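Right, one structure below, let's go through it.
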Amino acid sequence: MLEELLRRNRHWSARRNAEQPGYFEGLAALQAPEFFWIGCSDSRVPANVVSGLAPGEVFVHRNVANVVHSSDMNLLSSLEFAVDTLGVRQIIVCGHYGCGGVRAATETLPQGQADHGLADHWLEPIRRIARGAAEELGRMNDPETRRDRIAELNVVEGVGRVAETPILRRAWARGQDVRIHGLIYGLKDGLLRNLDCTVEGPAGTGEVQA
């Protein structure tokens, strides 16, 4: 399998060079992405592919269920580098329908015991979101519809949490034009949907709409 992966890489590299001579030299010389993408680790939702962006156009952080933890040093260091060093102007928090992390967070397990190892700790914010939206979710009879709504609310929550970081507050204080958007991806149709929860600066901080 590894040899097959390397063969595909050689084929891709050769094809790319033939289509656009000097492509890799230019890419190696400069990284200037417009977007910072916070997405799910799910192999079916690669940022470049679903957004139609080329390598070099999007700086990416991915984790299980695209959770924005305020203590996640991996995410925060990536965010800081994207904003302070790369100067990205658009931050995207992107979830997806049919998310396995959301499913794991909301499963009813026998006698309530944890069954997903460390993931049960990681996914705690999603369980909290589900508890907070219990009334709305209770009106939905279909379990898949409920989980998809939780996936949307998780994105909205993530946008708000990014906006509250000292990283973004400092950027806005020095006049940097950075916007945070919430998107959701449909595995069944391949489409990205805008959840209309954009935060555009200090005036919008904390005013995220679901």
| field | Note, ³J(HN,Hα) from phi for the range 63-69, Karplus 6.51, -1.76, 1.60, rounded to Hz, x at Gly and Pro | value | 8, 5, 6, 6, 7, 9, 8
| Does a label point 7 Å from the Cα of ALA54, set along Cα-to-beta-carbon, have any residues of the range 21-39 with amide nitrogen under 16 Å, and which are they? | 21-35
| Dimensions of the chain along principal axes (Cα, Å, largest first)? | 58, 49, 30
| request: Please give the direction-averaged projected area of the C-alpha convex hull for the range 72-188, in square nanometres with one decimal. | output: 8.7 nm²
| Label-point separation in nm, ASN17 to SER41, each point 7 Å along Cα→Cβ | 3.4 nm
| task | Quick one: plug the Kirkwood hydrodynamic radius of the range 1-54 (C-alpha pairs) into Stokes-Einstein at 10 °C, 1.306 mPa s, and report D in µm²/s. | result | 118 µm²/s
| Ranked packing of 160-169, 77-86, most packed first, by mean Cβ within 10 Å | 160-169, 77-86
| Which stretch or stretches of the range 124-146 have amide N atoms under 13 Å from the point lying 7 Å from ASP189's Cα along the Cα→Cβ direction? | none
| Taking N as the number of residues in the range 1-117, what is its alpha-carbon radius of gyration divided by 2.2 N^0.38 Å? | 1.34
| If you roll a 1.4 Å probe over the heavy atoms of the protein chains, what accessible area per residue do you get for the chain, in Å²? | 56 Å²
| remark: Taking Cα pairs closer than 8 Å and at least 6 residues apart, the relative contact order of the range 62-201 in percent is 33 percent
| field | Charge context of GLY56, other residues only, Cβ under 14 angstrom, K/R +1, D/E -1 | value | -2
| Leaving out ligands, DNA and RNA, what percent of the accessible area of the chain is carbon and sulfur, probe 1.4 Å? | 52 percent
| field | For the range 52-113, Kirkwood radius (reciprocal of mean inverse C-alpha pair distance, Å) | value | 14.0 Å
| note | If amide H atoms are modeled at 1.01 Å from N in the peptide plane, then the residues at a separation of 5 or more from ILE92, or on another chain, having amide H under 5 Å from its own are PHE36, TRP37, ILE38, HIS181
| Along the Cα-to-Cβ line of ARG89, 7 Å from the Cα, sits a label point; which residues in the range 161-180 have backbone N less than 14 Å from it? | 176-180
| query | In nm, to one decimal, how far is the modelled label at LEU27 from the one at ASN74, with both set 7 Å along Cα→Cβ? | reply | 2.3 nm
| query | Based on the mean of other beta carbon atoms within 10 Å per residue, what is the order of 11-21, 89-99, 32-42, most packed first? | reply | 89-99, 32-42, 11-21
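The values are calculated or read from the model by the stated rules, or taken from the named source; none is laboratory data. Being a predicted model, the structure only gives us computed values, none of them experimental. Positions of Cβ are generated from backbone atoms using ideal geometry, with glycine treated the same way; all protein chains shown enter the neighbour counts. Note: areas computed on protein heavy atoms with side chains; ligands, DNA, RNA excluded. Shrake-Rupley method; radii C 1.70, N 1.55, O 1.52, S 1.80 Å.
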